[in-house]
Amino acid sequence: MYKVLIIDDEEPLREAINILGDWQGLGVGQVLEATDGKTGLAMLREHKIDLALVDMKMPELNGSQLLRIAEREFPDLLLIVISGYNDFEYAQQAIRSKVVDYLLKPVNRADLNSALRKAVDVLEAKRKRESEFINRNITLNMSLPKLKEKMYLSIIERSFKNQSNEAFLPLIGADKPGNHFAAGVLRMLNLEQVRQERFHEDRDLLHFAVTNVMNENSDGHFEAFSFASPRSEREFIAIFTLKGSYGEDAAFLSLHHMKKAVSTLKELFGIICAGGIGQPYSEVMELAESYELAKALLDGIDLLNLKDSLVTGSVPVKPPAGKDSPSLTGRMPMIRSSLENGNVGHAKSILSEFTRKWKTSEHFSLGEADRTIQEFIILLGDIALELDAVPERLRSGRSKGLRGLGIGSDFASFEQFEAVLSRILEVYAGEISRSLAGDRSSVLENIKAYIDNHYFENIKISMFTDKYFLSREYLMKLFKGQYGYGIHEYVQKVRMDKAKDLLSDPALKIQDISERLGYRDKNYFSKAFRNYYDCSPSEFRLLLAEGEK
């Protein structure tokens, strides 16, 4: 007989578990209760507990802390975690620990006893540890989800070997006639934002949350099995299995299930999704066609009219007749010229002109947006390579694409897509600017020398931008980076330094000094001097005189 401990600070939940559990049928001889984590830990140390049901949110010692302690002190203890949808952020330790199952509040009879049965099966298996056969089955049981995932991927990628994998077909219901299979693809449009704000950058925890919602409400008749796509970190693949029914039913239920899951993800975590559902097939090997259709449906969703989460199961949208695929190739010579001249603003205007064309078109799909981003990175990368300006993160070759550039890839609207393109341009523009900085040093020295010798003239920045073919913004940035002053600031500094020298000569009138420095009248000079030194020219002379006494 087994001993079970319920650790939860909510009395109604402890009572419900006591009532709903099939303790006798499961061979449980004693059920103990602890009202909080601290008490629960003490009872674990006092009694020989086989299985503990632990709530994640408790005062003093919460579930995550308790699990970490239990993992160290009670390595043979089996654990079932209890939590609510909104408590996923507290469940990180539960995922990493060897928990048998994860129950969501409110706990129902079927889920509870299913989890308890799973735990009891493991306990019984442990008692027969000397049997290698049983041990192999325990390992297989814990690896089943990963095994199913690999099987589905091999079918989708058309690499499934019938002869070597035929024995595993019953695991995915492919051995029974009358079953229908369909594939769906779900894309998280704001993955990075949600992962940062709701999951503290924990990718595994996010994947657990998404697949948990996607796989919910599966029963003996309809089953959903989902997993993260190895091709794209923001996409999930879902396989829907309808047992012993018609293809039309499978299509309807798959689409309904996906839409419901997408709605739940938005409600619980703020995840915005787009998805596609492929056609159901009676042969499991045809999941490849279903997946390809689902991916085409997803890629064909119109970004211009995407206002919120969307799942489609209709025929993929074809581009209007005569519409060319978007390509930035023709604009790259002009963009390159602008970047080489430091005119990032002009390069951005060229990019905006390009994107404006698609913004006013009839249709611009997610797939076209993805291809445009990839193309833009490649084209700018070629320019950067020629100019020896490849971003540092990309030089090692370990990171590529937007991740390698340190740019977020979230976009759920055309405006956000434009912002991603603009950020890509800014990153490469910065690298190109730094690479060409050495060539610009002589230009900056010439400008500084001109100011040093002509500080009394009316110096305008346009004099230098026209002469050296540099943009105003870029030139000012370069000059300040080199000397620590903007061009106007440096002119003012030179004039004020010279003013102090001239004021030290009592023979010179302030009016004469003002004219020598290029000011239109002495009042304007006096005001500028006071703003710079917090005293007037006359007061400065008095200070000099007092210092000489």
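Can you confirm whether the stretch 317-333 contains a residue that is closer than 27 Å to HIS257 by Cα and modelled with pLDDT under 85? Yes. Remark: LYS295 matches the filter, which requires a residue to be farther than 17 Å from VAL210 by Cα, part of a helix (DSSP H, G or I) and either open to solvent by 20 Å² or more (accessible area, probe 1.4 Å) or of a type in the set (S, T, N, Q) (or both).
Among the residues making up the stretch 510-549, a single one is of a type in the set (Val, Ile, Thr) and within 20 Å of ASN453 (Cα to Cα): ILE513.
The set of residues in the stretch 405-453 that are of a type in the set (S, T, N, Q) and either part of a loop (DSSP other than H, G, I, E, B) or in contact with a strand residue (DSSP E or B) (Cβ under 9 Å, 6 or more places away or on another chain) (or both) comprises SER409, SER413. Criterion first (assigned to a loop (DSSP other than H, G, I, E, B) and either more than 16 Å from LEU298 (Cβ to Cβ) or among the aromatic types (Phe, Trp, Tyr) (or both)) does GLU201 satisfy it? Against the criterion (assigned to a loop (DSSP other than H, G, I, E, B) and either more than 16 Å from LEU298 (Cβ to Cβ) or among the aromatic types (Phe, Trp, Tyr) (or both)), GLU201 qualifies.
The residue that is nearest to SER413 (Cα to Cα), counting only those in the stretch 154-211 that are without any contact (Cβ under 8 Å) to a residue 24 or more places away in the chain and surrounded by 20 or more Cβ atoms within 10 Å (Cβ to Cβ), is ARG195. Taking the criterion of being in contact with a Leu (Cβ under 9 Å, 6 or more places away or on another chain) and either open to solvent by 10 Å² or more (accessible area, probe 1.4 Å) or under 15 Å from LEU191 (Cα atoms) (or both), the residues of the stretch 260-276 that qualify are VAL262, LEU265, PHE269, ILE271, ILE272, CYS273, ALA274, GLY275. The residues in the stretch 472-486 that are open to solvent by 20 Å² or more (accessible area, probe 1.4 Å) and either in contact (Cβ under 8 Å) with a residue 60 or more places away in the chain or not in a loop (DSSP other than H, G, I, E, B) (or both) can be counted, and the count is 9. Only residues that are more than 20 Å from ILE19 (Cβ to Cβ), open to solvent by less than 10 Å² (accessible area, probe 1.4 Å) and out of contact with any Phe, Trp or Tyr (no Cβ under 7 Å at 6 or more places or on another chain) were counted across the stretch 54-77, and they come to 3.
Tallying residues that are modelled with pLDDT of 90 or more, touching a helix residue (DSSP H, G or I) at 6+ places or on another chain (Cβ under 7 Å) and either of a type outside the set (Ser, Thr, Tyr) or exposed (fewer than 13 other Cβ atoms within 10 Å of the Cβ) (or both) within the stretch 522-534 yields 2.
Mind checking whether some residue in the stretch 32-53 is of a type in the set (Val, Ile, Thr), open to solvent by 20 Å² or more (accessible area, probe 1.4 Å) and farther than 15 Å from ASN113 by Cα? Checked against the condition, which is being of a type in the set (Val, Ile, Thr), open to solvent by 20 Å² or more (accessible area, probe 1.4 Å) and farther than 15 Å from ASN113 by Cα, the stretch 32-53 yields at least one hit.
Put simply, of GLU457, GLU489 the only residue that is open to solvent by 70 Å² or more (accessible area, probe 1.4 Å), more than 27 Å from PRO391 (Cα to Cα) and either without any contact (Cβ under 8 Å) to a residue 40 or more places away in the chain or of a type in the set (Asp, Glu) (or both) is GLU489. Just to be sure before I move on: is GLU368 within 16 Å of ALA419 (Cα to Cα), modelled with pLDDT of 90 or more and among the acidic types (Asp, Glu) in the structure I sent? Taking the combined requirement at face value, the residue satisfies it.
Pairing each residue of the stretch 400-427 that is touching a residue at least 24 places away in the same chain (Cβ under 8 Å) and open to solvent by 20 Å² or more (accessible area, probe 1.4 Å) with any residue that is in a helix (DSSP H, G or I) and not hydrophobic (A, V, I, L, M, F, W, C), provided the two are 6+ apart or on different chains, yields C-beta distances under 6 Å for GLY408/GLU192; ASP410/GLU192; ASP410/GLN193; GLU418/THR355. Among residues of the stretch 503-521 being surrounded by fewer than 17 Cβ atoms within 10 Å (Cβ to Cβ) and touching a residue at least 12 places away in the same chain (Cβ under 8 Å), the one that is nearest to PHE456 (Cα to Cα) is GLY518. Restricting MET463, MET496 to those that are on the phi < 0 side of the Ramachandran plot, within 58 Å of the chain's Cα centre (by Cα) and open to solvent by less than 20 Å² (accessible area, probe 1.4 Å) reduces the list to MET496. With the condition kept exactly as written, say whether any residue in the stretch 447-454 is small (Gly, Ala, Ser) and either modelled with pLDDT under 90 or under 34 Å from the mean Cα position of the chain (by Cα) (or both). Scanning the stretch 447-454 turns up no residue that is small (Gly, Ala, Ser) and either modelled with pLDDT under 90 or under 34 Å from the mean Cα position of the chain (by Cα) (or both).
The values are calculated or read from the model by the stated rules, or taken from the named source; none is laboratory data. Fair warning: this is a prediction, and the values are worked out from it, not measured in the lab. All Cβ positions, glycine included, derive from the backbone under ideal geometry; neighbour counts span all protein chains shown. Surface accessibility is based on the protein's heavy atoms, side chains included, excluding ligands, DNA and RNA. Shrake-Rupley method; radii C 1.70, N 1.55, O 1.52, S 1.80 Å.
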